[in-house]
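Colleague: Here you go, one structure.
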2 protein chains.
Amino acid sequence: MNISEKINLTDTTPEDRSPEDRSMAIRETLRNAIIDRRLAPGTKLSESEVGSLFDVSRTVARAALQMLAFEGLVKTERNRGAFVSNPSPEEARQIFASRRLIEPGIVASAVERITPEDIAEFRRQLDEEERYLNERGPAARRAEIKASGDFHLMLASVAGNVILQRFMDELVARSSLVIALYGRSGVSSCGHAEHSAVLDALEKGDGERAAKLMIHHIDHIEADLDLQLKQGLGLKDALSLA
Amino acid sequence: MNISEKINLTDTTPEDRSPEDRSMAIRETLRNAIIDRRLAPGTKLSESEVGSLFDVSRTVARAALQMLAFEGLVKTERNRGAFVSNPSPEEARQIFASRRLIEPGIVASAVERITPEDIAEFRRQLDEEERYLNERGPAARRAEIKASGDFHLMLASVAGNVILQRFMDELVARSSLVIALYGRSGVSSCGHAEHSAVLDALEKGDGERAAKLMIHHIDHIEADLDLQLKQGLGLKDALSLA
DNA sequence: CTTGGGCAAATCGTATGCAATCTTGGCATT
DNA sequence: AATGCCAAGATTGCATACGATTTGCCCAAG
């Protein structure tokens, strides 16, 4: 199967494609394709394929894949290639444990720095979320998941700590993979309401409450997963390759 | 100045130098050189220099530098090269803010998983710390700083969350850079006692107290820094290049 | 003496070639 | 029929070559 159909090469604007750093642009495009599930876990991303897709040499394609490997979105196997990550249930648990630790802190910072303009921006974002929520079809689903993650990333951005922001970038992206693999229900139907609630608390300056709501939100997301570890077998990776 | 004298190429054992992943080994060696200050902030690390030093091509040297750039230990400037990071005071604050957020959580996980064998290992580690503390000379200083960071990394390891462990890897390494730049006193003379106190609390199973001690410990480290922000100029990077 | 332009050196960005390694299909053997 | 083995194909790992960009120096002009 050719992955080219799954990748929208135009979702990075042409002029951000500055004279340089094409590998960064490729990383971004692949990242987006992965987090909104156009590229399923287990998909092979060979250097030559990626390279020819973006019309660059293997060198720069490789650089992009290395970056993705570093943030845990792809796994590379020696002399075999790069594959979209297939997080284990244990990894999933650790991802959410990390989020439970970090996000309340982000909320606490955000409540002190958020501006009315930020609030308005958040409202727009939530409206968009809701719009996708009411649409049908896989495209809307994907957009909804993406938008849902963006809420958390915007929050991290408002918090103003670029290090935590990068950590959240990684955690949100990997969460999306996990949800793709282990999610059971119609995703975050509850998620939207919870996002709103967090934002309301932030607007009132009630950081305490916002943090609590955020933890509950994360709990709910994780509770919606089916993380039975039918592990113990090393071949479960092979089985989930499909 | 040649950086070769500053790098101990043998500090990775020859046989861990498996048939492959030389870039990983190079990254590790450079990392160690950076975090214990043999390579000062601002030092230029050109691809060819690193390559010839480790007797590899620029390709693999470049991969190592990319990884270091990803974890914030070096900064790369387009068409100019890679330089050991020169964290700004603001970055320093964000690093410690992140640690204040993450480390208490790590302690909380660790207290539930720590074994008597772990405790013994920690004691050994603290003894080593103390030994360096009582020695004189820059080498002992460097070793002390390294050992002090290792305490936090061991804790993360015991906590059992590989994601947080990786975050801590980055934060501890960058902290070392920050201390090198902004530290004022005889480093962690107090640090050792505080490490012991945290361990004691862990041994007693008092996670609450251990977490509090850890926060105070981080506060003390940061309080020892001189983080006056004479910023506002974009060229401050150039000034601090020395 | 200072300033501006231009040339040379150094360094990075990228493409490509070759060797090593892994996978796959078929064939022989049990 | 099942298993083990071997050769061919494919893919990565690495090195090197070439072009682009930046830097620093030197010299000339003011």
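Colleague: Put a point 7 Å out from Cα along the line to Cβ at B:R58; what are the distances to that point in the other copies, in nm, shortest first?
Modeller: Shortest to longest, the spacings are 1.9 nm.
Colleague: Right, another one. If you put a point 7 Å past Cα along the Cβ direction, how far is that point for B:D219 from the same point in each other copy, in nm, smallest first?
Modeller: 2.8
Colleague: May I ask you to compute the full-extension gain from B:A197 to B:N134, defined as 0.36 nm times their residue separation minus their alpha-carbon distance, rounded to one decimal in nm? Display every interim value, and only then the final one.
Modeller: Values: separation 63, 0.36 × 63 = 22.68 nm, distance 1.90 nm.
So the extension gain works out to 20.8 nm.
Colleague: Taking each residue of B:87-100 in turn, how many C-beta atoms of other protein chains fall within 10 Å of its C-beta, and what is the average?
Modeller: Numbers: counts 0, 0, 0, 3, 3, 0, 1, 7, 2, 0, 7, 8, 1, 1.
Neighbouring Cβ atoms belonging to other protein chains average 2 per residue here.
Colleague: A follow-up question, please. If you place +1 on the Cβ of every Lys and Arg, -1 on the Cβ of every Asp and Glu, and leave all else neutral, what size is the dipole of the range B:89-223 about its Cα centre, to the nearest 20 Debye? Let's see the in-between values first.
Modeller: On the way: 17 positive and 23 negative charges, 73 e Å.
Roughly 360 debye for the range B:89-223.
Colleague: Express in whole angstrom the spacing between the alpha-carbon centres of the range B:74-91 and the range B:118-168.
Modeller: Between the Cα centres of the range B:74-91 and the range B:118-168 lies a distance of 26 Å.
Colleague: Other chains' Cβ within 10 Å of B:66-72 residues: what's the mean?
Modeller: On the way: counts 5, 4, 0, 1, 5, 2, 3.
Mean inter-chain Cβ contacts per residue within 10 Å come to 3.
Colleague: Something else: May I ask you to report, in nm to one decimal and beginning with the shortest, the distances from A:S46 to the same position in the other copies, taking label points 7 Å along Cα-to-Cβ?
Modeller: 3.8
Colleague: Looking at the range A:90-150, which trypsin sites (Lys or Arg not before Pro) are DSSP coil and have at most 14 other C-beta atoms within 10 Å of their C-beta?
Modeller: Numbers: sites: A:R93, A:R99, A:R100, A:R113, A:R123, A:R124, A:R131, A:R136, A:R141, A:R142, A:K146; in loops: A:R136.
The qualifying sites are A:R136.
Colleague: Which of the residues in the range A:133-180 show a loss of at least 30 Å² in accessible area from their chain by itself to the complete set of protein chains, at a probe of 1.4 Å?
Modeller: When all protein chains are present, A:N161, A:I163, A:L164, A:R166, A:F167, A:E170 each give up 30 Å² or more of accessible surface.
Colleague: Let me know the shape class of the range B:89-223, please: from the alpha-carbon gyration tensor, a ≥ b ≥ c as square roots of the eigenvalues, rounded when a/c is under 1.5, otherwise prolate if a/b is greater than b/c, or oblate. Mind dumping the intermediate values first?
Modeller: Values: a/c = 1.71, a/b = 1.20, b/c = 1.43.
The shape class here is oblate.
Colleague: Chain pair B, A: how much accessible area is buried, both chains summed, with a 1.4 Å probe, in Å² to 100? Walk me through the intermediate numbers first.
Modeller: Numbers: alone 12780 and 12810 Å², together 23310 Å².
Roughly 2300 Å² of accessible surface disappears when B and A pair.
Colleague: Let me ask you something else. Where does each of B:29-39, B:55-65 land if you order them by average Cβ count within 10 Å, highest first?
Modeller: Values: B:29-39: 21.2, B:55-65: 18.4.
Going by the mean number of other Cβ atoms within 10 Å, highest first, we get B:29-39, B:55-65.
Colleague: At 7 Å along the Cα-to-beta-carbon direction for both A:E121 and A:H216, put a label point, then send me their distance in nm to one decimal.
Modeller: So the two model labels end up 2.7 nm from each other.
Colleague: Using DSSP to call loops (not H, G, I, E or B), can you name the GluC sites (Glu not before Pro) in the range B:59-165 whose Cβ has at most 14 other Cβ atoms within 10 angstrom?
Modeller: Within the range B:59-165, the qualifying GluC sites (Glu not before Pro) (loop, at most 14 other Cβ atoms within 10 Å) are B:E135.
Colleague: Cα-based Rg (one decimal) and Dmax (whole number) for the range A:158-224, in Å?
Modeller: Rg then Dmax for the range A:158-224, in Å: 13.1, 36.
The values are calculated or read from the model by the stated rules, or taken from the named source; none is laboratory data. The model shown is predicted, which means the values in this text are computed figures rather than measured ones. All Cβ positions, glycine included, derive from the backbone under ideal geometry; neighbour counts span all protein chains shown. Just so you know, the surface numbers come from the protein's heavy atoms only, side chains and all, with ligands and any DNA or RNA stripped out. Shrake-Rupley method; radii C 1.70, N 1.55, O 1.52, S 1.80 Å.
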